[in-house]
Amino acid sequence: MTDLDVAPEVRSAIDAGRPAVALESTVIAHGLPWPENLTLARRLEAVVREHGAVAATIAVLGGRMRVGLDDAELEHLARSPQVRKLTVRDIPVAIAEGADGATTVSATMRIAHAGGIRVFATGGIGGVHRGDHTDVSADLPELARTPMVVVCAGAKAILDLPATLEWLETNGVIVIGWGTSEFPAFFTRTSGLPLETRADSEGEVAAVARAAWRNGMESAVLVTVPAPEAFALPAERMEAAITRALARAEAERVRGKATTPFLLRHVAEYTGGESVAANLALLERNASVAARVAVVLAGDRPG
């Protein structure tokens, strides 16, 4: 990619075969208020480093795709109201206009993979929306065409989880339960949806990824990690909050990119902030799992 800049620390790690983990930036610019968003950004990078990998937060700044940011750039994303929310289709527009953009799952995957990173940690992926199966997140097709390990807490619970899991299966995305045989539901540890593949260690995940990549599979390996038990919310309580948020979104005719932030904001309101605490905890856990997987995969490379 011509308009791609990889931070020297990240480039050095990749060239030397050391582990690196990509992190998204939408959670910084659009997921949390200041200054909690900057605290989270710094904490996720620290977690990755604590587990032996180099952290590379992804964004578009000044019309350049960036793999790895310094602290001032993280603070800019956290503070600036001008930062756009970018899916894959939005990247060329942001480049052409010299804009700043925070990357969603799909955009993070596209840029990180171009930069040579094989492992990515996020919170929850997008999916098929409830009530309208034509409304499919750009995250899903990117998972079907980009060979990376993506560590998440399942799909966001505001979505149609059975339809999302079916889409992933149909399109060849390997879905692994981390210590579980059930698809996690983001804030909730269980969904009632069984998974065929389970891994109880980073070595097992790495083995699946190696087998996929050496045999030419182009889709992602999606590792789904249940939220930490101390922070996970009961399914019944979450569903009640989601139902209320969906009804409010319909009444206010919320559509498109605004839907997910709107729903998550009101779910947080209806759970008294407990969904936010769960989100922060699962983000940290996913970053640690991703770093551990990256360390094992780095053993494949000389250096």
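If we sort 149-162, 222-235, 244-257 on the protection proxy, mean other Cβ atoms within 10 Å, highest first, what's the order?
On the way: 149-162: 25.6, 222-235: 19.2, 244-257: 13.4.
Top to bottom by mean Cβ count within 10 Å: 149-162, 222-235, 244-257.
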*Karplus couplings for region 79-90 from phi (6.51 cos²θ - 1.76 cosθ + 1.60, θ = phi - 60°), rounded to Hz, Gly and Pro as x?*
9, 6, x, 8, 6, 7, 9, 10, 9, 4, 5, 7
*Which whole-number percent is the relative contact order of region 1-106 (Cα, under 8 Å, 6+ apart)?*
33
_Loop GluC sites (Glu not before Pro), region 119-197 (other Cβ atoms within 10 Å of the site Cβ: 13 or fewer; DSSP)_ = 196
*asked:* Can you give me the accessible area per residue for region 10-157, using a 1.4 Å probe, in Å²?
replied: 34
_residue 64-residue 133 pseudo-label distance in nm [points 7 Å out on the Cα-to-Cβ vector]_ = 4.6
*If each of residue 145 and residue 193 carries a label point 7 Å out from its Cα toward its Cβ, how far apart are those two points in nm?*
2.2
*In deg cm²/dmol and to the nearest 500, what is the mean residue ellipticity at 222 nm of the chain if only DSSP H runs of at least 4 residues count, each as -39500 (n - 2.57), divided by the residue total?*
-13500 deg cm²/dmol
*Hey, what did the chain get for relative contact order, percent, Cα under 8 Å, at least 6 apart?*
20
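Based on the alpha-carbon gyration tensor of region 208-275 and its eigenvalue square roots a ≥ b ≥ c, which shape applies: rounded if a/c is under 1.5, prolate if not and a/b is larger than b/c, or oblate? Please report the intermediate quantities before stating the final value.
Working: a/c = 3.96, a/b = 1.77, b/c = 2.24.
Oblate.
What percent antiparallel are the DSSP beta bridges of the chain, to the nearest 5? List each step's numbers first, then the result.
Values: 12 of 39 bridges.
Counting only bridges with both partners in the chain, antiparallel ones make up about 30 percent.
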*If you place +1 on the Cβ of every Lys and Arg, -1 on the Cβ of every Asp and Glu, and leave all else neutral, what size is the dipole of region 155-203 about its Cα centre, to the nearest 20 Debye?*
160
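Within the chain, what whole-number % of the accessible surface is contributed by carbon and sulfur, with the 1.4 Å probe and all protein chains included in the calculation?
Carbon and sulfur atoms account for 51 percent of the accessible area of the chain.
Pairs of Cα atoms under 8 Å, at least six residues apart: use those to get the relative contact order of region 128-195, whole percent.
Numbers: 74 pairs, mean separation 20.6, N = 68.
RCO, region 128-195: 30 percent.
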*How far apart, in nm, are two points set 7 Å out from the Cα along the Cα-to-Cβ line at residue 16 and at residue 72?*
2.5
*Work out, step by step, the length gained on full extension between residue 5 and residue 163: first 0.36 nm times the residue separation, then minus their alpha carbon distance; give nm to one decimal.*
53.2 nm
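Once the other residues with Cβ under 15 Å from the Cβ of residue 249 are scored (Lys, Arg +1; Asp, Glu -1), what is the net sum?
On the way: positive: 130, 156, 244, 248, 253, 255, 257, 265; negative: 132, 135, 160, 250, 252, 269.
Result for the local shell: +2.
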*Mind checking which of 164, 57, 197 has the largest fluctuation in a GNM of the chain, springs on alpha carbons under 10 Å?*
197
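Once you list every other residue whose beta carbon is under 9 Å from the beta carbon of residue 4, what net charge do they have if Lys and Arg are +1 and Asp and Glu are -1? Before the final figure, lay out each step's value.
Details: positive: 64, 66; negative: 3, 5.
The answer is 0.
The values are calculated or read from the model by the stated rules, or taken from the named source; none is laboratory data. The shown structure was predicted, so the numbers you read here are calculated from the model rather than taken from an experiment. Using ideal geometry, Cβ is built from the backbone for each residue, glycine included, and neighbour counts are taken over all protein chains shown. For the accessible areas, the whole protein counts, side chains as well, though only heavy atoms, and no ligand, DNA or RNA atoms are used. Shrake-Rupley method; radii C 1.70, N 1.55, O 1.52, S 1.80 Å.
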